[in-house]
């Protein structure tokens, strides 16, 4: 069990490497999600509180609705995925 900063909220999370550049993240605030492309995680380090809340809500809502864990990757495409998810609800 590795306690590391959550990629989204920077709080304590259990982060387990699944394979090269793919992580299973379990955060008390954000929930459980899969994070791809750790090489580009810097874009997630300066999220505003509003962005953190929106991404955290998406992670929880995604699991509640699909029973699958959200997969976060490139920051630029994340917002498109979030918009599409809520648009199709």
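The values are calculated or read from the model by the stated rules, or taken from the named source; none is laboratory data. All of these numbers come straight from a predicted model, not from anything done at the bench. Note: ideal-geometry Cβ built from the backbone for every residue, glycine included; neighbour counts use all protein chains shown.
Tell me which residues, restricted to segment 68-83, are free of Cβ contacts under 8 Å to residues at least 24 places away in the same chain and surrounded by 10 or more Cβ atoms within 10 Å (Cβ to Cβ).
Hits for segment 68-83 are 77, 78, 79, 80, 81, 83.
Just wondering, is there one or more residues in segment 50-67 that are assigned to a loop (DSSP other than H, G, I, E, B) and either touching a helix residue (DSSP H, G or I) at 6+ places or on another chain (Cβ under 7 Å) or on the phi > 0 side of the Ramachandran plot (or both)? Break it down stepwise before answering.
Looking only at segment 50-67, we keep the residues that are assigned to a loop (DSSP other than H, G, I, E, B), and these are 67.
If we keep only those that are either touching a helix residue (DSSP H, G or I) at 6+ places or on another chain (Cβ under 7 Å) or on the phi > 0 side of the Ramachandran plot (or both) as well, we get 67.
Within segment 50-67, one or more residues are assigned to a loop (DSSP other than H, G, I, E, B) and either touching a helix residue (DSSP H, G or I) at 6+ places or on another chain (Cβ under 7 Å) or on the phi > 0 side of the Ramachandran plot (or both).
Checking residue 7 against (1) surrounded by fewer than 13 Cβ atoms within 10 Å (Cβ to Cβ); (2) at pLDDT below 95; (3) within 24 Å of residue 84 (Cα to Cα), only one condition comes out false. Which one?
Of (1) surrounded by fewer than 13 Cβ atoms within 10 Å (Cβ to Cβ); (2) at pLDDT below 95; (3) within 24 Å of residue 84 (Cα to Cα), only one is false for residue 7: (1).
Those residues that are in contact with a helix residue (DSSP H, G or I) (Cβ under 6 Å, 6 or more places away or on another chain), closer than 19 Å to residue 61 by Cβ and either at pLDDT below 90 or not in a loop (DSSP other than H, G, I, E, B) (or both), I need them from segment 21-41; list them, please.
Hits for segment 21-41 are 31, 33.
Under the condition of being touching a strand residue (DSSP E or B) at 6+ places or on another chain (Cβ under 8 Å) and closer than 15 Å to residue 11 by Cα, which residue from segment 45-58 is surrounded by the most Cβ atoms within 10 Å (Cβ to Cβ)? It would help to see each step written out before you state the result.
At the first step, the residues of segment 45-58 found to be touching a strand residue (DSSP E or B) at 6+ places or on another chain (Cβ under 8 Å) are 55-56, 58.
Cutting the leftovers down to closer than 15 Å to residue 11 by Cα gives us 55-56.
Details: 55: 23, 56: 18.
Here the answer is 55.
Considering only residues that are part of a strand (DSSP E or B) and either under 15 Å from residue 41 (Cβ atoms) or at pLDDT below 95 (or both), which ones fall in segment 10-20? Explain how you work it out, then say what you get.
Quick first cut of segment 10-20, residues part of a strand (DSSP E or B) only: 12-19.
Within segment 10-20, 13, 15, 16, 17, 18, 19 qualify.
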